[in-house]
Amino acid sequence: MDAFEAIKATFFQECDELLADLEQKLMLLEQGQTDLETINAVFRAVHSVKGGAGAFGLDDLVRFAHVFETLMDELRAGRKPCDPVTIKTLLRASDVLADHVQAAQGLAAPVDQARSAALVAEMEQLTHGGAAPAPATDDEDDDFDFTPMAFDMPQDAPPSTEPAAGWRIVFRPHGRMYASANEAALLLRELARLGPTVVSVDEGDLPTLDALVVEEGWLTWTVELNAAVDEAAVREVFDFVEADCELSITPLGELEGQPDVGFLDEPPAIVPAADDLDIAALLAKAQASAPVDAAPQPASQPAPEAMPVPAPAPAAAQSSAAAPTAPAPVTIRVDLDRVDRLINAVGELVIQQAMLSQRVLESGLARSSGVALGLEDLELLTREIQDSVMAIRAQPVKSVFQRMPRLVREVADMTAKQVRLVTTGEDTEVDKTVVERLAEPITHMLRNAIDHGLETPEERMAAGKPAEGTVRLAALHRSGRIVIEIADDGRGINRERVRQIATDKGLIAPDAVLSDDQVDNLIFLPGFSTASVVSDISGRGVGMDVVKRSIQALGGRISISSVPGKGSTFTLSLPLTLAVLDGMVTTAADQTLIAPLPAIVESLTPQPADIHYVGGIDPVIRFRDAFVPLVDVAVAMGFSETPMDPTQGIAVIVETESGQRAALLLDAIQGQRQVVIKSLESNYQQVEGVAAATILGDGRVALILDVDALVAIRRTGARSELKLAS
């Protein structure tokens, strides 16, 4: 990739971040947070996209962003109210802007020009409708709103006969302008490109040296621009900083015969034109001319070797100075492939460290020997490296959640439904690989929740519900895994209809006996669909089965909870990382198994008095004044046909993601160890009751248990067909 393409790729990466921030800020506007800072953030995001697109000649993107930016400029200047109609238009404009970016990047088809032009016309109507005087045919309220603007319009509109001969620009930067990496010299040079300029500076506000705060702006600049350009061209120079400085722009013709006013208290010193401007020399001159309170030192007195501790600044200076802020975090962009290679290398390091420890243990060396102590230090260092590398891969699910408001709006418009999306837990972190593969399942489930779950506004009101339906998208950590919940307050699952459709399509036998949970899970069967008509949203029966396969491919599972008339909740459970796991090394029927440590509550040796049988068959164990099912792991996994005597083994109390507790009956516990996860599906196939595999210190392959699946096997009586040789 050449340098130009590399810069262009970086621009599109920044566009993704800007569009995500734009979407978030527009959602805040929709929620009523119409403060100036939020509006400015939207403006800056659009302006940044426009500026970068112009550098690469993306004309369609630039034109659309310019109209978007102009409307935002009206909002932040207060000339246009930020009402619900405008916000709805801005939300749709952000969708089209994202489409333009995708098309420019080559990731999507060209934008529908009719749709884009219609939205441009709508934004222009909002822009000029808010600034123009009201027509005579408008009602009294509109006339009243626009009457004050009518007196200012002759100044804002371009003169019809004689254009302004030039402009007098007076601006004083605030400290926050410099804090955002802007520089006055660059602004002066941009003004010089519009025509001949005469620049003067006023340093009269400079405080004494002991009260000087370098982060604050103390200089006031006056520029006489002798060029017949319109005011919009002048203001465009200050687009990024207008909110961070005092700015006055006046036609030169209006200044003839008037006293010199503005921000200056005395005639400024004339400085060279902006093209030859030496900012360093100006600052040096300003500092040299600043007043001091101390008496001057004799010329023969040597300069002090160190600056004395400055006295406290005067109250006025302190109030004008900006409060110090914490330094922004420094970040770098790294190719994900490099991080993946680092992750793999650290995983192999963990395996080699475990093998080395195993060899030393087998050699019979004392634990107090130098080699054993060195290995303990190596283990600690390896774990620290592992944790640090995994922290690099960790990423908030916000990157996925931020894409969903647009999806919800589009599907709601297509189905003529009123939908409100509520998101929580956006900062929940998970491995980047998991995050990237969450987008498709969540997209399918949100579409189904709106299309099938929520009723129409008329149906909701008839059922005593608000016309607007609510869909909740939440992320949280539970039992060492990440849980994603998609819930709606709609009609719930019609189990009779689901069963009838499954029967009609031959997916189940007509006389099949199914529980409510089993009926609900029929929607995950390939080819199942409750839609009577095929549409752009659903109806082809290729949605929920894809979701289930995607989640299972990540070592996760999906469950449903539905209440007819009140709504449904879909729960996705996934591992936090696909790289490493803290586990308990155990043995069952001479097979070494790894139990995930986050799921383990306690381990104990069963006593005869604590063992009971339900119906004389199913064993349970008393644990803290409660009975929990006892799962013989060897039998459940198919390693043994004969259940073992519970009093001869170890019971490990585990907790499933739903909060249910059970006891896994094992032969022995060997110890705790950090293991590297290896996908069983990629190398073999999916096995019931097994989440993944790992490599032990002696080179053997060990299976990582799927606790929830084992408990489900115990509850349903199903048994895996997996057979392993001893």
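The values are calculated or read from the model by the stated rules, or taken from the named source; none is laboratory data. Predicted model only: the values in this text are computed from it and were never measured. Reconstructed Cβ throughout: ideal geometry from the backbone, glycine too, with neighbour counts over all protein chains shown. Remember, those area values only see protein heavy atoms, side chains included, never the ligands or the DNA or RNA. Shrake-Rupley method; radii C 1.70, N 1.55, O 1.52, S 1.80 Å.
A few points about this structure:
For (1) surrounded by fewer than 14 Cβ atoms within 10 Å (Cβ to Cβ); (2) among the acidic types (Asp, Glu), each residue gets a yes or a no:
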position	(1), (2)
Ala3	yes, no
Glu17	yes, yes
Ala20	no, no
Gly32	yes, no
His47	no, no
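- Residue in the range 449-464 that is closer than 30 Å to Ile600 by Cβ and open to solvent by 40 Å² or more (accessible area, probe 1.4 Å) present: no
- For the range 432-454, a residue qualifies if it is within 13 Å of Ile484 (Cβ to Cβ) and outside any helix (DSSP H, G or I), and the qualifying residues are Arg437, Leu438.
- Residue within the range 48-71 that is at positive phi and not in a helix (DSSP H, G or I) present: yes
- Enumeration of residues in the range 602-620 that are surrounded by fewer than 16 Cβ atoms within 10 Å (Cβ to Cβ) and β-branched (Val, Ile, Thr): Thr605, Val614, Ile617
- Identity of the residue in the range 330-372, without any contact (Cβ under 8 Å) to a residue 60 or more places away in the chain and among the polar types (S, T, N, Q), that ends up nearest to Met390 (Cα to Cα): Asn344
- Candidate set: the range 542-582, residues that are under 28 Å from Gln685 (Cα atoms), modelled with pLDDT of 75 or more and of a type in the set (S, T, N, Q); chosen: the one least open to solvent (accessible area, probe 1.4 Å): Ser573
- Within the range 230-241, residues that are of a type in the set (A, V, I, L, M) have Cβ atoms under 8 Å from residues that are loosely packed, with under 15 Cβ neighbours inside 10 Å in these pairs: Val237/Glu190; Val241/Ser180, counting only partners at least 6 apart in sequence or on another chain.
- Odd one out for Thr423, checked against (1) within 15 Å of the chain's Cα centre (by Cα); (2) surrounded by fewer than 17 Cβ atoms within 10 Å (Cβ to Cβ): (2)
- Single match in Gly527, Gly506, Gly539 (criterion: small (Gly, Ala, Ser) and at pLDDT below 60): Gly539
- Within the range 363-385, being at pLDDT 80 or above and among the charged types (D, E, K, R) holds for Glu376, Asp377, Glu379, Glu384.
- Filtering the range 54-105 to residues that are polar (S, T, N, Q) and either open to solvent by 40 Å² or more (accessible area, probe 1.4 Å) or out of contact with any helix residue (DSSP H, G or I) (no Cβ under 9 Å at 6 or more places or on another chain) (or both) leaves Thr70, Gln102, Gln105.
- Candidates are the residues of the range 517-531 that are under 21 Å from Arg557 (Cβ atoms) and in contact (Cβ under 8 Å) with a residue 24 or more places away in the chain; the one that is most open to solvent (accessible area, probe 1.4 Å) is Asp517.
- Hits in the range 621-634 (condition: in a loop (DSSP other than H, G, I, E, B) and open to solvent by less than 30 Å² (accessible area, probe 1.4 Å)): Phe623
- In this entry, Asp511 is excluded by the filter for residues that are modelled with pLDDT of 85 or more, open to solvent by 30 Å² or more (accessible area, probe 1.4 Å) and not basic (Lys, Arg).
- Looking only at the range 636-656, residues that are surrounded by fewer than 18 Cβ atoms within 10 Å (Cβ to Cβ) and either of a type in the set (D, E, K, R) or under 36 Å from the mean Cα position of the chain (by Cα) (or both) come to 2 in all.
- The range 194-210, subset assigned to a strand (DSSP E or B) and aliphatic (A, V, I, L, M), residue farthest from Arg168 (Cα to Cα): Val201
- Elements of type strands (runs of 3 or more DSSP E) in the range 578-620, at least 1 residues being touching a helix residue (DSSP H, G or I) at 6+ places or on another chain (Cβ under 7 Å): 580-588, 591-596, 611-614
- Within the range 669-711, the set of residues being part of a helix (DSSP H, G or I) and either crowded, with 21+ Cβ neighbours inside 10 Å or modelled with pLDDT under 80 (or both) comprises Leu680, Glu681, Ser682, Asn683, Val707, Asp708, Leu710, Val711.
- Matching residues in the range 373-398 - criterion: being in contact (Cβ under 8 Å) with a residue 12 or more places away in the chain and more than 14 Å from Ala354 (Cα to Cα): Ile385, Val389, Met390, Ile392, Arg393, Ala394, Gln395, Pro396, Val397, Lys398
Yes/no matrix, rows are residues, columns are (1) polar (S, T, N, Q); (2) open to solvent by 40 Å² or more (accessible area, probe 1.4 Å); (3) more than 43 Å from the chain's Cα centre (by Cα):
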{"site": "Val199", "(1), (2), (3)": "no, no, yes"}
{"site": "Thr208", "(1), (2), (3)": "yes, no, yes"}
{"site": "Asn226", "(1), (2), (3)": "yes, yes, yes"}
{"site": "Asp230", "(1), (2), (3)": "no, yes, no"}
{"site": "Glu242", "(1), (2), (3)": "no, yes, no"}
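- Flag for Ala467 being free of Cβ contacts under 8 Å to residues at least 60 places away in the same chain, open to solvent by less than 50 Å² (accessible area, probe 1.4 Å), more than 22 Å from Phe524 (Cβ to Cβ) and touching a Pro at 6+ places or on another chain (Cβ under 6 Å): yes
- Where a residue in the range 487-504 is open to solvent by 70 Å² or more (accessible area, probe 1.4 Å) and its partner, wherever it lies, is assigned to a loop (DSSP other than H, G, I, E, B) and of a type in the set (Ser, Thr, Tyr), with Cβ under 9 Å and at least six apart: Asn494/Thr530; Arg497/Thr530
- Candidates Asp590, Asp582, Asp625: the one that is among the acidic types (Asp, Glu) and touching a strand residue (DSSP E or B) at 6+ places or on another chain (Cβ under 8 Å) is Asp582.
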